[in-house]
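A.B. asks: Below is a structure I'd like to ask you about.
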Amino acid sequence: MITDHIKNINLYKNLSPRIGKALEILAAEDFTKKDTGKYEVDGEIIHYMVQRYTSKPIEEGKFETHKKYIDIQFVAASEEMLGYAPLNCFELETDYDGGKDVAFYKQPEVFTPVALTAGMFCILFPQDGHMPCRQLNGKACDVVKVVVKVKVEK
C-alpha cells in the first residue's frame with residue numbers, strides 16, 4: 001500500500017506506465033464537478049468510478065481484496081478512514097468472486113487506520129486488504145471519491 005497527496009505523484013508515476021497514467025488522470029481533473037458513475041480510460045486496462053456517499057462507522061465495515069486490479073482510491077472532497085492490513089491477517093467471509101474481482105473478510109483484531117483527506121490517494125495492490133468508506137474520528141462525512149481500477153500487469 002502507498003498513500004500520499006496527489007501533488008506528489010511524480011514520486012510514483014514510474015511504478016508502472018498504467019499506474020502513472022491513472023495518477024495523471026487523478027491530478028488533472030476536478031472530480032467534484034463530474035457525475036457519479038463509471039468512466040472508461042483504456043478499456044479493461046484502466047477505468048474509474050466517481051462515487052458519492054456518506055462515510056460509515058468502522059464497526060460496520062468489511063475488508064476486501066482484489067486479484068485482477070490494483071485500486072487507486074482518491075478522495076476528491078471531504079475525508080474518510082480506510083482500514084489496511086496485509087492479506088495474511090484475514091479470515092475469509094465471502095469467497096472470491098472473479099466476476100466482481102472481490103473477496104470479503106472479517107475485520108481483524110488489529111489493522112492500520114489510514115486517514116485520507118481531500119487530495120490524498122492510496123494505491124492498493126492485490127495483497128493489500130482494505131476497508132474503505134469509514135468515518136474518520138467517528139464523524140460521518142459526505143465524500144466524493146474516485147476509485148481507479150488498474151489491471152495487474154502480468
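A.B. asks: So, with +1 on the Cβ of K and R and -1 on the Cβ of D and E, and no other charges, what is the size of the charge dipole of the range 2-151 about its Cα centre, to the nearest 20 debye?
C.D. replies: Rounded to the nearest 20 debye, it is 340 debye.
A.B. asks: For the range 48-105, what class follows from the C-alpha gyration tensor (a ≥ b ≥ c being the square roots of its eigenvalues): rounded when a/c is under 1.5, otherwise prolate if a/b is larger than b/c, else oblate?
C.D. replies: oblate
A.B. asks: Taking the alpha-carbon distance from residue 151 and a cut-off under 20 Å, which aspartates and glutamates remain once sequence neighbours fewer than 8 residues away in the same chain are dropped?
C.D. replies: 24, 40, 42, 44, 64, 71, 97, 101, 128
A.B. asks: Sticking with this one: Just rank 96, 48, fewest to most, by other beta-carbon atoms within 10 angstrom.
C.D. replies: 96, 48
A.B. asks: Let me ask another. By per-residue mean of other Cβ atoms within 10 Å, what is the highest-first order of 108-114, 145-151, 82-88? Before the final figure, lay out each step's value.
C.D. replies: On the way: 108-114: 13.4, 145-151: 21.3, 82-88: 17.3.
Descending packing order for the listed peptides: 145-151, 82-88, 108-114.
A.B. asks: For the ranges 32-43, 64-75, what's the packing order if you count other beta-carbon atoms within 10 Å of each residue, average per peptide, and put the highest first?
C.D. replies: With the highest mean Cβ count within 10 Å placed first, the list reads 64-75, 32-43.
A.B. asks: So if I take the centroid of the Cα atoms in the range 35-90 and the same for the range 134-154, what is the distance between those two points in Å?
C.D. replies: Each part reduced to its Cα centre gives a spacing of 4 Å.
A.B. asks: Only counting other Cβ atoms within 10 Å, I'd like 120, 49 sorted with the fewest neighbours first.
C.D. replies: Going from sparsest to densest Cβ surroundings: 49, 120.
A.B. asks: Let me ask something additional. Per the Kirkwood formula on distinct C-alpha pairs, the Rh of the range 83-154 is how many angstrom?
C.D. replies: Evaluated over the range 83-154, this radius sits at 14.0 Å.
A.B. asks: For the chain, report the translational diffusion coefficient in µm²/s to the nearest whole number, using Stokes-Einstein at 10 °C, 1.306 mPa s, and a Kirkwood Rh over Cα pairs. Can you show the working numbers first?
C.D. replies: Numbers: Rh = 15.6 Å.
Diffusion coefficient, whole number: 102 µm²/s.
Just so you know, all these numbers are worked out from the coordinates, no wet-lab data involved. In this text the structure is predicted, and so the values were computed from the model without any measurement. Note: ideal-geometry Cβ built from the backbone for every residue, glycine included; neighbour counts use all protein chains shown.
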